[in-house]
Amino acid sequence: MNQTATPLPLSINDQLAGLLNAQKKAFLAKPYPSLEQRVADLDRFKTSFSKYQAQLISAMSDDFGHRANNDSVLGDILPTFGCLKYTKKRLKSWMKPQKRHSGLLLAPASVRVEYQPLGVVGIIVPWNFPIMLGLVPMITALAAGNRVMLKQSEFTPKTNAVIKQCLAEVFDETQVVVIEGEADVAAAFSQLPFDHMLFTGSTEVGKHVMRAAANNLTPVTLELGGKSPAIIAPDIDLETAVKRLIFGKCMNSGQICVSPDYVLIPKEKVQMFIDLYCRKFRAMYPDFLNNKDYTHVVNERQFSRIQSWLDDARQKGASITPAIADGIDVERRKMATQLITQVSDDMTLAQQEIFGPILPIIPYDSLEQAIKYIQDRPRPLALYIMSFDKQTQQQIIQRTHSGGVAINDTVMQVAAEDAPFGGVGPSGMGHYHGIEGFKTFSKAKTVFSQGKIYTAGLVQPPYKGLVQSLIKKLFVR
């Protein structure tokens, strides 16, 4: 008697491939969604996102152990709503074909560029802003007419569950699907033959993602990070500089890819900077250990990493000043900013992106020396200039490379909806946000069109005197 074999469970690779194939099949059935359909999708998502807003904030706090309410609102919720509003308002103009000049040689042909959806976009989301860094690129990819697969971080399971529920009420899995899982799932995800992939995370993991994508010739946008410097120029009042800098360093407990990673400051102002930072920190976060406005380090793994880097620095001669006495709660993974002086290049915190509440302070003798310090290191995602002197600002901007620059502010440049966001070299490649994001997730297709009048026949063989005279007239100077 024949027995029916029990089917083996599908492997991770098979499951992911099945979801991707389903999305590709659905895309090919409707390869160019209308403006009305795209706007309707965004409207339905907005309704669902509004409904789950409170649950998302609560879930993020649970995932972090505690996440300050305003960090979630300012860092995740408001940017997502802002992207929705901005994208809807401009989508019609973005989708409109652009006329280009054909030139005298090709006249009277017409040339236009149409922005065509790519197909299926894979988005790998980090844990530090698990809503904004997944849903903002998703919104842009959907606006460009694509389908989306989101790989959420394994470190934010409760947030992932709410996002999954929120999206499931709007989209079926052939349009948007949420993937969860550990590093093995992320590795398998990055190996899928997407039509475009966006990764946000560390530089080292970004290298692995790019290698995996290369096997499929999948174009990638890499949003990485690096060591984003803040230059405090000689001209600026130090109290003003500290006020402008401290918010960006303390938001999300420094767990931001554009967080100020270290400070370059005139050497005679180092101690004054430390005193002002500590005073301002105490004013911002009174009763620190019980203060609800300060976010905890996300998990034990990250907290242990930060502590080990502090130990490494201390053993190699660094001086560590906590922004507030007794400002570390190991059990709850809460840590006030640790200000580091006597920093040397052999310290881990001088080599790796810090991504936490540690702030090295690097003294300089001249602005030239500060600029050289930045030039000698990998190009960062952000650069912060604390100066009201226009000449100083322009000198730093022109002589350094970074993904973006903020002058007399920190981290807020990411919220500029009508400007591209992206790194350079080790801090990333490609852009999104605004029209740059729409173009990233689209194929700019050139359409060259000839009418009934066909002047190109004049330059076809057999070549006669007319062709030669045209060539001389057009190209010979």
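Quick one: would you say Asp41 is in contact (Cβ under 8 Å) with a residue 40 or more places away in the chain and more than 17 Å from Ala168 (Cα to Cα)? Spelling it out, it is not the case that Asp41 is in contact (Cβ under 8 Å) with a residue 40 or more places away in the chain and more than 17 Å from Ala168 (Cα to Cα). Filtering region 414-458 to residues that are open to solvent by less than 60 Å² (accessible area, probe 1.4 Å), more than 21 Å from Gln375 (Cβ to Cβ), touching a residue at least 24 places away in the same chain (Cβ under 8 Å) and assigned to a helix (DSSP H, G or I) leaves Val414, Gly434, Ile435, Gly437, Phe438, Thr440, Thr455, Ala456. Residues in region 395-402: is at least one surrounded by 17 or more Cβ atoms within 10 Å (Cβ to Cβ), assigned to a loop (DSSP other than H, G, I, E, B), at pLDDT 95 or above and touching a Ser or Thr at 6+ places or on another chain (Cβ under 6 Å)? So far as region 395-402 goes, no, none of its residues is surrounded by 17 or more Cβ atoms within 10 Å (Cβ to Cβ), assigned to a loop (DSSP other than H, G, I, E, B), at pLDDT 95 or above and touching a Ser or Thr at 6+ places or on another chain (Cβ under 6 Å). Scanning region 91-123 for residues that are closer than 19 Å to Lys30 by Cα, open to solvent by less than 60 Å² (accessible area, probe 1.4 Å) and outside any strand (DSSP E or B) yields Leu91, Met95, Leu118, Gly119.
The condition (being surrounded by fewer than 18 Cβ atoms within 10 Å (Cβ to Cβ) and on the phi < 0 side of the Ramachandran plot) is satisfied by just one residue among Ser72, Ser61, Ser50: Ser50.
Summed over region 209-244, the residues that are hydroxyl-bearing (Ser, Thr, Tyr) and either surrounded by fewer than 16 Cβ atoms within 10 Å (Cβ to Cβ) or in contact with a Cys (Cβ under 7 Å, 6 or more places away or on another chain) (or both) give a count of 1. Tallying residues that are part of a loop (DSSP other than H, G, I, E, B), among the β-branched types (Val, Ile, Thr) and within 23 Å of Pro426 (Cβ to Cβ) within region 304-352 yields 1. Looking only at residues in region 52-78 that are assigned to a helix (DSSP H, G or I) and of a type in the set (Ser, Thr, Tyr), the one that is nearest to Phe247 (Cα to Cα) is Ser72.
Okay, residues lined up against (1) among the β-branched types (Val, Ile, Thr); (2) under 28 Å from Pro137 (Cβ atoms); (3) in a loop (DSSP other than H, G, I, E, B):
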| site | (1), (2), (3) |
| --- | --- |
| Met210 | no, yes, no |
| Lys227 | no, yes, yes |
| Ile236 | yes, no, yes |
| Asn252 | no, yes, no |
| Gln271 | no, no, no |
| Leu276 | no, no, no |
| Leu289 | no, no, no |
| Val298 | yes, yes, yes |
| Arg301 | no, yes, no |
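In this structure, is Glu154 in contact (Cβ under 8 Å) with a residue 12 or more places away in the chain, within 16 Å of Asp41 (Cβ to Cβ), in a loop (DSSP other than H, G, I, E, B) and not β-branched (Val, Ile, Thr)? Judged against the criteria, Glu154 is not a match. Here Glu36 fulfils each of the conditions (1) loosely packed, with under 13 Cβ neighbours inside 10 Å; (2) over 21 Å from Gly145 (Cβ atoms) apart from (2). Only a single item in (1) buried (at least 18 other Cβ atoms within 10 Å of the Cβ); (2) more than 20 Å from Ala233 (Cβ to Cβ); (3) under 23 Å from the mean Cα position of the chain (by Cα) is not met by Ala336, and it is number (3).
Residue count for region 341-360 satisfying the condition of being closer than 27 Å to Trp127 by Cα and crowded, with 18+ Cβ neighbours inside 10 Å: 11. Residues in region 150-196 that are over 28 Å from Ala214 (Cα atoms) and aliphatic (A, V, I, L, M): 6 in all.
Those residues that are among the hydrophobic types (A, V, I, L, M, F, W, C) and open to solvent by 30 Å² or more (accessible area, probe 1.4 Å), I need them from region 5-33; list them, please. Residues satisfying the conditions are Ala5, Leu8, Leu10, Ile12, Ala17, Leu19, Ala22, Leu28, Ala29.
The values are calculated or read from the model by the stated rules, or taken from the named source; none is laboratory data. Since we're looking at a predicted model, the values are computed, not measured. For neighbour counting, all protein chains shown are included, and Cβ atoms are generated from backbone atoms with ideal geometry for every residue, glycine included. Accessible surface is based on the protein model in full, side chains and every heavy atom, while ligands, DNA and RNA are left aside. Shrake-Rupley method; radii C 1.70, N 1.55, O 1.52, S 1.80 Å.
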